[in-house]
1. Only bridges with both residues in the chain count here: give the DSSP antiparallel percent, nearest 5.
2. Tell me, E200, E360, E300 in order of fewest to most beta-carbon neighbours within 10 Å?
3. Note down the net charge around C34, summing +1 for each Lys or Arg and -1 for each Asp or Glu among other residues with Cβ under 9 Å from its Cβ.
4. So what is the calculated 222 nm ellipticity per residue for the chain, using -39500 (n - 2.57) for each DSSP H run with n of 4 or more, over all residues, to the nearest 500 deg cm²/dmol?
5. Classify segment 221-370: rounded, prolate or oblate, from the alpha-carbon gyration tensor (a ≥ b ≥ c, eigenvalue square roots; a/c under 1.5 rounded; otherwise prolate if a/b is larger than b/c)?
6. Quick one: among I333, I61, I369, which has the greatest mean-square fluctuation in a GNM of the chain with alpha-carbon springs under 10 angstrom?
7. Classify segment 149-242 from the C-alpha gyration tensor, please: rounded if a/c falls under 1.5, else prolate or oblate depending on whether a/b exceeds b/c.
8. For the chain, which span is the longest to avoid every loop-located (per DSSP) member of trypsin sites (Lys or Arg not before Pro) having at most 16 other Cβ atoms inside 10 Å?
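Taken together, the values in this text are just the output of simple stated rules run on the coordinates, not laboratory data. Model, not experiment: these values are computed from the prediction. Note that each Cβ is placed from the backbone with ideal geometry, even for glycine, and that neighbours are counted across all protein chains shown.
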Amino acid sequence: MTRVTGDWINSPAAQAVCRAIAQAGHQVFFVGGCVRNDLLGAPISDLDLSTDARPDQVMQIAEGAGLRAVPTGIEHGTVTVVADGEGLEVTTYRKDVETDGRRAVVAFSDNLEDDAHRRDFTMNALYAAPDGHIVDPLGGGLDDLNARRVRFIDDAGDRIREDYLRTLRLFRFHAWYGDPEKGIDEDGLAGVAANLAGLESLSHERVGTEMVKLLAAPNPAASIAAMVHTGVLGLVLPASDATNLPILIHLEEDRTPDPIRRLAALGGVDVAERLRLSKRDQKRLDVIRRGMASVTPAAELAYRHGADVATDVALLRAAQMGVSPETGAWVEIEKGAKATFPVRAADLSSKFTGPALGAELRRLETLWIASGFELKREDLLT
């Protein structure tokens, strides 16, 4: 019998919450990402539990066991139970009563299969008992996970129409967990193609979150190519072009995957607005794209914007040309990032004032950069 064995399931907090619910006479299982990722050997972040206990019962059980209960999403059946300083989300079994493609009206259930049927992919409908034993209530979920097959539960079109964000989740999950040699599930792609119009109903925030997560995968090139083929990428990022993305990913080598760098490779119009990027990411994307469009040397970009931006631009320029970055590029970037302009306004204030002072500082800085950051203060002033 398959079971999960990670330290997380035996943590004092996890076992305390499970014990409290089970001793009250209710079912309780771990579900979703923690189970999936344990079986795949991937990192685990959040612990989610499912139970037949109603939210008010979970609150009472937790408080009776000396645990803190927070009604974080109680109208949807979710209570966060805090044990030993760790919060676990406990959600009552649910089944969908009505959906509109963005949100669902749910009813609580006593049946684990009802809860499994409302999930998106078979690999996400795997449950683990507190002792680690796996429960696959729909059958096939464990086989799909072992085969790295991202497959919708039941009919793909029905699952997508329940929440159109699942279109993007299909590509994201394939990028992270799918077998790139086998491609994306054909039924899933057919469901996507038949429901493209639903993407227009999604908020920019939800789309942006999914796209950033997708592009953070080790190699999302196959998923992005499938998005191009189905027309999804053109709807999400109009005027984008995925041609250079596989080249960029190859050139990145062992660098940490960076979704903003990869967004710059895709291009498109109104990207920051369409994905509701944070101000920080929006600014960085803008600087990178301006650098790509310029002929400013990488060393100067590193001096003005830092080594990370200069590295991004060097990789993206090389991807555009289909070549490796220039020999010595990383040395030049490091040199520019460490360089400090040696002249200050006070050095020129006896000869220049106002706009003339600024113009002279800029002229000297240009000379200094052109010298490879070699000219000394005395050379520049004389």
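1. On the way: 25 of 30 bridges.
Taking every DSSP beta bridge with both residues in the chain, the antiparallel ones total about 85 percent.
2. Details: E200 8, E360 16, E300 20.
Ranking E200, E360, E300 by Cβ neighbours within 10 Å, fewest first, gives E200, E360, E300.
3. Working: positive: R36; negative: D38, D46, D48.
So the environment of C34 carries a net charge of -2.
4. Result for the chain: -14000 deg cm²/dmol, rounded to the nearest 500.
5. Numbers: a/c = 3.22, a/b = 1.97, b/c = 1.63.
It comes out prolate by the Cα gyration axes.
6. I369
7. On the way: a/c = 1.42, a/b = 1.01, b/c = 1.40.
Since a/c stays below 1.5, the shape of segment 149-242 is classed as rounded.
8. Details: sites that count: R102, R103, R148, K182, R255, R276, R344, K351, K376.
Counting only loop sites that pass the neighbour cut-off, the longest clear stretch is 1-101.
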